[in-house]
């Protein structure tokens with residue numbers, strides 16, 4: 001019988017951290033603009049799980065591509081270093097509360113919910 005894991009929380013790096021966030025992992029490829037590293041309140045920066053620059057730029061050119069972006073990003077997550085990064089996030093999730101941190105303005109239409117969904121599959 002599979003163990004039910006709490007879904008990861010999703011927060012913007014610009015928001016005040018909550019005491020129950022647990023391990024906070026920045027899942028963006030680029031460091032958030034205007035945020036000093038000592039003020040970011042992240043335990044890890046896991047660049048490897050973020051979409052490729054190519055895919056990220058492709059989405060930014062036209063936000064209506066989001067459904068296709070999700071499909072392409074899922075394909076990226078099943079390959080190489082992103083697979084390892086996702087496995088690392090699963091380990092962190094298994095240890096306790098996990099919060100995925102991003103600088104995305106439109107979090108709902110970013111890569112972060114895709115990561116959270118992938119983490120919820122097992």
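Being part of a loop (DSSP other than H, G, I, E, B) and surrounded by 14 or more Cβ atoms within 10 Å (Cβ to Cβ) is the filter; apply it to the range 30-46 and report the residue that is nearest to the chain's Cα centre (by Cα). Here the residue is 46. Against the numbered list (1) under 12 Å from the mean Cα position of the chain (by Cα); (2) touching a residue at least 24 places away in the same chain (Cβ under 8 Å), residue 56 comes up short only at (1).
Tell me whether the range 75-89 contains one or more residues that are surrounded by 14 or more Cβ atoms within 10 Å (Cβ to Cβ), in contact with a strand residue (DSSP E or B) (Cβ under 9 Å, 6 or more places away or on another chain), in a helix (DSSP H, G or I) and touching a residue at least 12 places away in the same chain (Cβ under 8 Å). Yes, some residue in the range 75-89 is surrounded by 14 or more Cβ atoms within 10 Å (Cβ to Cβ), in contact with a strand residue (DSSP E or B) (Cβ under 9 Å, 6 or more places away or on another chain), in a helix (DSSP H, G or I) and touching a residue at least 12 places away in the same chain (Cβ under 8 Å). Confirm whether residue 70 is modelled with pLDDT of 95 or more, assigned to a helix (DSSP H, G or I) and under 14 Å from the mean Cα position of the chain (by Cα). Spelling it out, residue 70 is indeed modelled with pLDDT of 95 or more, assigned to a helix (DSSP H, G or I) and under 14 Å from the mean Cα position of the chain (by Cα). Checked against (1) within 19 Å of residue 122 (Cα to Cα); (2) modelled with pLDDT of 95 or more; (3) assigned to a loop (DSSP other than H, G, I, E, B), residue 1 passes all but condition (2). Per the conditions (1) over 17 Å from the mean Cα position of the chain (by Cα); (2) surrounded by 18 or more Cβ atoms within 10 Å (Cβ to Cβ), the sole criterion not satisfied by residue 61 is (2).
For the range 14-48, the set of residues classified as touching a strand residue (DSSP E or B) at 6+ places or on another chain (Cβ under 7 Å) and within 20 Å of residue 118 (Cα to Cα) consists of 21, 22, 23, 24, 25, 26, 27, 28, 44, 45, 46, listed by residue number. Considered as a group, the residues in the range 4-24 that are closer than 23 Å to residue 121 by Cβ and out of contact with any helix residue (DSSP H, G or I) (no Cβ under 8 Å at 6 or more places or on another chain) include one that is surrounded by the fewest Cβ atoms within 10 Å (Cβ to Cβ), and that residue is 4.
Please go through the range 79-95 and give me each residue that is within 11 Å of residue 46 (Cα to Cα) and within 13 Å of the chain's Cα centre (by Cα), ordered by number.
So in the range 79-95, the residues within 11 Å of residue 46 (Cα to Cα) come out as 81-82, 84-86, 88-89.
The answer is 82, 85, 86, 88, 89.
Restricting the range 96-115 to residues that are part of a helix (DSSP H, G or I) and under 24 Å from residue 37 (Cα atoms), the residue that is farthest from the chain's Cα centre (by Cα) is 107. In the set 70, 49, 27, only one residue is touching a helix residue (DSSP H, G or I) at 6+ places or on another chain (Cβ under 8 Å), under 19 Å from residue 109 (Cα atoms) and surrounded by fewer than 17 Cβ atoms within 10 Å (Cβ to Cβ); that residue is 70.
Given the criteria closer than 13 Å to residue 114 by Cα, part of a loop (DSSP other than H, G, I, E, B) and at pLDDT 95 or above, does residue 51 qualify? So residue 51 passes the test.
The values are calculated or read from the model by the stated rules, or taken from the named source; none is laboratory data. Because the structure is a prediction, the values reported are computed rather than measured. With ideal geometry, Cβ positions are generated from the backbone for all residues, glycine too; neighbour counts draw on all protein chains shown.
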